[in-house]
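One structure is given here, and the rest of the page talks about it.
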């Protein structure tokens, strides 16, 4: 393919995926599209891993490096107005995973055309957004024999032509919590006869923020967000029950532990203060993404080869977003990078927004990086084994 044909091929893949998004562990059409493209490339592959995952491999002998792309969409109704907008009601690729799949298929083409000095495993993973698809794929054995793993994410915080590579921690812990409040219902005109779950819940929402502002060292980025507050049945009835749900984002294990203990302590204190019952449930989320120093060095070398020294940059600070690529990094060293993809006019539109879109010029850059980082890592492994 010419450069133009390669670009158009990647765009076509991305737009076909974008028009038919699928939620976690439902990516059957996506899986079939990937399998079809791999077949055209003449690459052997397996489907049905962790329900909808696809794995392909190329190269004959030598060390093994893995590349990963996630492929699930989000439960959002698209509002972009794009000609290839989602045709599936209430489902949208609002995080760029359609682009990630296109990039990895692009890397497959480039590696087929210019074989690597070893073996490369291509992992198309389901359920990154919800369901820990990485963990499910690991259980399927996709990391067996792998020496390094690399992946990346489209990012609006960087310009097209920039690749951000950091070593160490780049993404946060992502725990969730629920607080069930049980008071005593009653008539709005006689509050003294009731225990108001709404008032108790409202005070808890406000006080949770003081954990971050007054109990946690500001040098350790952390966030507590209550995303759901459900209570009440009528305007003149004091609610007997309330439910709060939220997320805890932290970047240090000790800070994470302190936040969880503080949430439980506050709930216990409010139970005594308001004569209510508060039950706290904490659900462990994704671990933090911690890039290996050696893998990050390899990724930087590959990034420079693709975008030059000027295109290589770094995240200024760890993201409080979550990413299940972290599970792979608990088993093998690797590096997760950011591909600059901000689209003109959408600079302030975040991921997970119904208006999210990215500049498709990033697609060949991501594909070339993935192919290059695989070859660079394999060359590194061969040299170190001699």
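Key figures
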item: Residues of segment 316-362 classified as part of a loop (DSSP other than H, G, I, E, B) and touching a helix residue (DSSP H, G or I) at 6+ places or on another chain (Cβ under 7 Å), total; result: 6
item: In segment 37-54, the residues that are closer than 12 Å to residue 101 by Cβ and over 22 Å from the mean Cα position of the chain (by Cα); result: 37, 38
item: Positions within segment 203-224 being out of contact with any helix residue (DSSP H, G or I) (no Cβ under 9 Å at 6 or more places or on another chain) and either part of a strand (DSSP E or B) or free of Cβ contacts under 8 Å to residues at least 24 places away in the same chain (or both), in sequence order; result: 206, 209, 213, 214, 219
item: Boolean, residue 46 is under 17 Å from residue 137 (Cβ atoms) and surrounded by fewer than 20 Cβ atoms within 10 Å (Cβ to Cβ); result: yes
item: Cβ-Cβ under 7 Å pairs, at least 6 apart or on other chains, segment 295-316 side more than 22 Å from residue 66 (Cβ to Cβ), far side at pLDDT below 95 and assigned to a helix (DSSP H, G or I); result: none
item: Lone unmet requirement of (1) in a strand (DSSP E or B); (2) touching a residue at least 24 places away in the same chain (Cβ under 8 Å); (3) in contact with a helix residue (DSSP H, G or I) (Cβ under 9 Å, 6 or more places away or on another chain) for residue 34; result: (1)
item: Single condition residue 24 does not satisfy, out of (1) surrounded by fewer than 20 Cβ atoms within 10 Å (Cβ to Cβ); (2) in a loop (DSSP other than H, G, I, E, B); (3) in contact with a helix residue (DSSP H, G or I) (Cβ under 9 Å, 6 or more places away or on another chain); result: (1)
item: Of residues in segment 133-162 being surrounded by fewer than 24 Cβ atoms within 10 Å (Cβ to Cβ) and touching a helix residue (DSSP H, G or I) at 6+ places or on another chain (Cβ under 7 Å), the one nearest to residue 335 (Cα to Cα); result: 147
item: Qualifying position, being touching a strand residue (DSSP E or B) at 6+ places or on another chain (Cβ under 8 Å), at pLDDT 95 or above and assigned by TED's automatic domain parsing to the domain that holds residue 355, among 118, 90; result: 118
item: Selected residue (only one of 124, 84 is over 22 Å from the mean Cα position of the chain (by Cα) and surrounded by 16 or more Cβ atoms within 10 Å (Cβ to Cβ)); result: 84
item: Any hit, segment 157-169, residues being in a strand (DSSP E or B) and closer than 16 Å to residue 287 by Cα; result: yes
item: Criterion: within 13 Å of residue 155 (Cβ to Cβ), in contact with a strand residue (DSSP E or B) (Cβ under 9 Å, 6 or more places away or on another chain), buried (at least 24 other Cβ atoms within 10 Å of the Cβ) and assigned by TED's automatic domain parsing to the domain that holds residue 298 - qualifying residue of 371, 341; result: 341
item: Boolean, residue 16 is out of contact with any helix residue (DSSP H, G or I) (no Cβ under 6 Å at 6 or more places or on another chain), modelled with pLDDT of 95 or more and over 23 Å from residue 137 (Cα atoms); result: yes
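The values are calculated or read from the model by the stated rules, or taken from the named source; none is laboratory data. Since this is a predicted model, take the numbers as computed values, not measurements. Every residue, glycine as well, gets a Cβ built from its backbone with ideal geometry; the counts of neighbours run over all protein chains shown.
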